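The values are calculated or read from the model by the stated rules, or taken from the named source; none is laboratory data. From a predicted model like this one, the values you see are computed outputs, not experimental measurements. Heads up, the Cβs are rebuilt from the backbone with ideal geometry, glycines too, and the neighbour counts pull from every protein chain shown.
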Amino acid sequence: MTWTNESFQKYRLMAPGPVPLHPEVLKTLGQEMLHHRTPLFDQILKSSLQKLKKIFLTEESVYILTGAGSSGMEACLVNLLSPGDEVLSVISGKFGERWAEMAEVFGYKVHTLQVPWGEAVVPETVENYLKQNPQIRAVLCQACETSTAVLHPIQKLGEIVSKFENTLLLVDGITAVAATHLPMDEWKIDGLVAGSQKAFMLPTGLSFVSFSKKAQKFFESAKTPRYYLDLRKEKKANASGETFFSSSVTLVRALDRALDIMLETGLPKWIHEIQDRADFTTHIARTLNLRIYSQAPSPSLTAILVPDGIDGQKWRAHLEKQYNITVMGGQDQLKGKILRVGHMGFITNEDLFAWAGAMFKSLQDMDWPLPLTEQEFFDTTREKLKL
Ligand SMILES: *Cc1c(COP(=O)(O)O)cnc(C)c1O
């Protein structure tokens, strides 16, 4: 006996964000509304701001913004830079393109460092670029470029950029903070952004951002017009246990719960579990004779190369329709060419087991030649997951 129809009754969200929510987080989201200017909420806000520092691994303040992850990316730019400032944007996929586009809109002079999709940036290229262009104010880079599932060498970039007195390293860690080891202070990251619907297993709607001491010096001199994302106002408000604008009470309360769960587990163990899911996914792909797309795979998601002869868009849709599992496809040049499987959020071994079964069965449905029988695959998968 192997997987049955029942194995696929539960809906499974295995995208690299949004992600399945922890049952405790779901419960918290259902609580009564509370006013944000109350001692009770002040306490929740203060507590989550403190806990966020333990996730960012920083001594500096972390800010909570009500907005999608991109609002944190924008906050990073507008609070530190002035129109006319030069930035070096590392572009290795869709999110790199977005940050560079944003920087253009605010009137910065954008230098681009194009990295072939699927590859990580070579740190020496950044170093050489900065040596030739020391006027560059900021280097923008994703920690994990979610569109290609690549993990960039942020530690190395931190070592390099920190040698330049007037250059900041700004990191989009939206699928890396709390999913990979990314200690902000130790790795000399000057601006770090995270998002609620990725490793924090919350709904979309909050972004988190923190700045090094080196970056904070730019707060006052930055001349980019800003209002909603002006963190000087937020800083003052946070000091008295409040947010400047209305707080997203339900999300912050759920965040506080999620942070408790993460910190009770312990950040290293939390990250390790995500790595285990990535290792399992990779193992399953190889067992099915499939290849991994990324040259430097991130643990937060895995990009599996769609084999020749299979239409990746149809495959993705089939997994959803027939097996009740949502994974993501590729974008732009990768459309139909990869499947991206997320490892963040509340994912159990049963979920992984169902996903593996769905991968096998969907390939079978498409008459793709499989290297082992369903029974053999079932047994080895179960053994691997110790089910
Ligand atoms: C998801 C994601 C974002 C942006 O997220 P939004 O919440 O849609 O604004 C930015 N960067 C990376 C690397 C992401 O994975």
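The table below gives the values:
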{"quantity": "Close pairs from the range 182-202: first within 11 Å of the ligand (Cβ to nearest atom), partner acidic (Asp, Glu), Cβ under 7 Å, at least 6 apart", "calculated": "Val193/Asp172"}
{"quantity": "Subset of the range 1-18 [among the small types (Gly, Ala, Ser) and part of a loop (DSSP other than H, G, I, E, B)]", "calculated": "Ala15, Gly17"}
{"quantity": "Residue that is farthest from Thr302 (Cα to Cα) [pool: residues in the range 23-35 that are surrounded by fewer than 19 Cβ atoms within 10 Å (Cβ to Cβ) and within 28 Å of the chain's Cα centre (by Cα)]", "calculated": "Gln31"}
{"quantity": "Candidates Ala285, Ala303 - the one that is assigned to a helix (DSSP H, G or I) and at pLDDT 95 or above", "calculated": "Ala285"}
{"quantity": "Boolean, Glu124 is within 19 Å of Leu168 (Cα to Cα), part of a helix (DSSP H, G or I), more than 14 Å from the ligand (Cβ to nearest atom) and at pLDDT 95 or above", "calculated": "yes"}
{"quantity": "Hits in the range 93-117 (condition: among the small types (Gly, Ala, Ser) and either surrounded by 22 or more Cβ atoms within 10 Å (Cβ to Cβ) or under 19 Å from the mean Cα position of the chain (by Cα) (or both))", "calculated": "Gly93, Gly96, Ala100, Ala103"}
{"quantity": "Matching entry among Thr28, Thr112, Thr58 (being closer than 17 Å to Val177 by Cα and of a type in the set (S, T, N, Q))", "calculated": "Thr58"}
{"quantity": "Selected residue [within 16 Å of the ligand (Cβ to nearest atom), assigned to a strand (DSSP E or B) and not polar (S, T, N, Q)] from Leu140, Leu88", "calculated": "Leu140"}
{"quantity": "So Leu229, is it under 24 Å from Leu259 (Cβ atoms) and assigned to a loop (DSSP other than H, G, I, E, B)", "calculated": "yes"}
{"quantity": "Top-ranked residue in the range 163-176 [being part of a loop (DSSP other than H, G, I, E, B) and without any contact (Cβ under 8 Å) to a residue 40 or more places away in the chain; ranked as nearest to Thr204 (Cα to Cα)]", "calculated": "Gly173"}
{"quantity": "Hits in the range 228-276 (condition: under 23 Å from the mean Cα position of the chain (by Cα) and of a type in the set (Lys, Arg))", "calculated": "Arg253, Arg257, Lys269"}
{"quantity": "Leu34 being closer than 19 Å to Phe200 by Cβ, in a loop (DSSP other than H, G, I, E, B) and of a type outside the set (Phe, Trp, Tyr)", "calculated": "no"}
{"quantity": "Residue in the range 107-119 that is of a type in the set (A, V, I, L, M), within 22 Å of Lys217 (Cβ to Cβ) and within 15 Å of the ligand (Cβ to nearest atom) present", "calculated": "no"}
{"quantity": "Count of the range 241-273 residues which are in contact with a strand residue (DSSP E or B) (Cβ under 9 Å, 6 or more places away or on another chain) and over 18 Å from Leu26 (Cα atoms)", "calculated": "5"}
{"quantity": "Residue list for the range 36-60, filter: under 23 Å from Val193 (Cβ atoms) and among the aromatic types (Phe, Trp, Tyr)", "calculated": "Phe56"}
{"quantity": "Residues located in the range 177-202, provided they are assigned to a loop (DSSP other than H, G, I, E, B) and among the hydroxyl-bearing types (Ser, Thr, Tyr)", "calculated": "Ser196"}
{"quantity": "Test: Ser47 is out of contact with any Gly (no Cβ under 8 Å at 6 or more places or on another chain), within 19 Å of Arg232 (Cα to Cα) and among the small types (Gly, Ala, Ser)", "calculated": "no"}
{"quantity": "Selection within the range 199-221 - crowded, with 19+ Cβ neighbours inside 10 Å and of a type in the set (A, V, I, L, M, F, W, C)", "calculated": "Ala199, Phe200, Met201, Leu202, Leu206, Phe208, Val209, Phe211, Ala215, Phe218"}
{"quantity": "Which listed residue is more than 21 Å from Phe346 (Cβ to Cβ) and within 21 Å of the chain's Cα centre (by Cα), from Val19, Val90", "calculated": "Val90"}
{"quantity": "Every residue from the range 272-284 that is out of contact with any His (no Cβ under 6 Å at 6 or more places or on another chain), touching a residue at least 24 places away in the same chain (Cβ under 8 Å) and more than 16 Å from Met359 (Cβ to Cβ)", "calculated": "Gln275"}
{"quantity": "Sole residue being in contact with a helix residue (DSSP H, G or I) (Cβ under 9 Å, 6 or more places away or on another chain), surrounded by fewer than 15 Cβ atoms within 10 Å (Cβ to Cβ), of a type in the set (A, V, I, L, M) and not in a strand (DSSP E or B), chosen from Leu290, Leu372", "calculated": "Leu372"}
{"quantity": "Total residues in the range 203-216, condition more than 16 Å from the ligand (Cβ to nearest atom) and either of a type in the set (A, V, I, L, M, F, W, C) or more than 15 Å from Ala75 (Cα to Cα) (or both)", "calculated": "4"}
